[in-house]
Amino acid sequence: MARILVSMPDEFLNKIDQVAGSEQRTRSELVREALRSYIKRTKLPSPQKAISNAKILEEILD
């Protein structure tokens, strides 16, 4: 498996860690799932469904 380096504000990383911890997942698992959701969303035929899914993901990370 490849590794990447991603920069983000500390506050955002703290939110990711909180969600990952509450779901008993690793940070990497959560980020992979978020990216899978994003990729799937961009391929959905319904733009409205994509927007809805994006809002759900944003609410989880807010």
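Mind checking whether some residue in segment 1-11 is basic (Lys, Arg) and in a loop (DSSP other than H, G, I, E, B)? Quick ask: steps written out before the conclusion?
Just the residues of segment 1-11 that are basic (Lys, Arg), to begin with: 3.
Of the ones still in play, those that are also in a loop (DSSP other than H, G, I, E, B) are 3.
Checked against the condition, which is being basic (Lys, Arg) and in a loop (DSSP other than H, G, I, E, B), segment 1-11 yields at least one hit.
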* To do: Could you please let me know if PRO9 is modelled with pLDDT of 90 or more and exposed (fewer than 10 other Cβ atoms within 10 Å of the Cβ)?
  => yes
* **Pairs, first at pLDDT 85 or above in segment 34-62, second assigned to a helix (DSSP H, G or I), C-beta under 7 Å, six or more apart** => ALA34/LEU57; SER37/ASN53; SER37/LEU57
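Tell me, yes or no, whether segment 34-50 has at least one residue that is among the β-branched types (Val, Ile, Thr) and farther than 26 Å from ALA2 by Cα.
Taking segment 34-50 and keeping what is among the β-branched types (Val, Ile, Thr), we get 39, 42.
Applying the additional criterion that residues be farther than 26 Å from ALA2 by Cα yields none.
There is no residue in segment 34-50 that is among the β-branched types (Val, Ile, Thr) and farther than 26 Å from ALA2 by Cα.
Of the residues ARG41, ARG25, which single one is among the charged types (D, E, K, R) and assigned to a helix (DSSP H, G or I)?
Working: ARG25 fails: assigned to a helix (DSSP H, G or I).
It is ARG41.
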* To do: List every residue pair whose Cβ atoms lie under 9 Å apart, where the two residues are 6 or more positions apart in sequence or sit on different chains, the first residue falls within segment 8-28 and is farther than 13 Å from ILE60 by Cα, and the second residue, located anywhere, is among the hydrophobic types (A, V, I, L, M, F, W, C) and in a helix (DSSP H, G or I).
  => MET8/ILE16; ARG25/VAL19; THR26/ALA20; ARG27/LEU13; ARG27/ILE16; ARG27/ALA20; SER28/ALA20
* **Matching residues in segment 44-60 - criterion: being of a type outside the set (Val, Ile, Thr) and part of a helix (DSSP H, G or I)** => PRO47, GLN48, LYS49, ALA50, SER52, ASN53, ALA54, LYS55, LEU57, GLU58, GLU59
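The values are calculated or read from the model by the stated rules, or taken from the named source; none is laboratory data. No experiment lies behind these values; they were computed from the predicted model shown. Glycine gets a Cβ as well: all are built from the backbone with ideal geometry, and neighbour counts include every protein chain shown.
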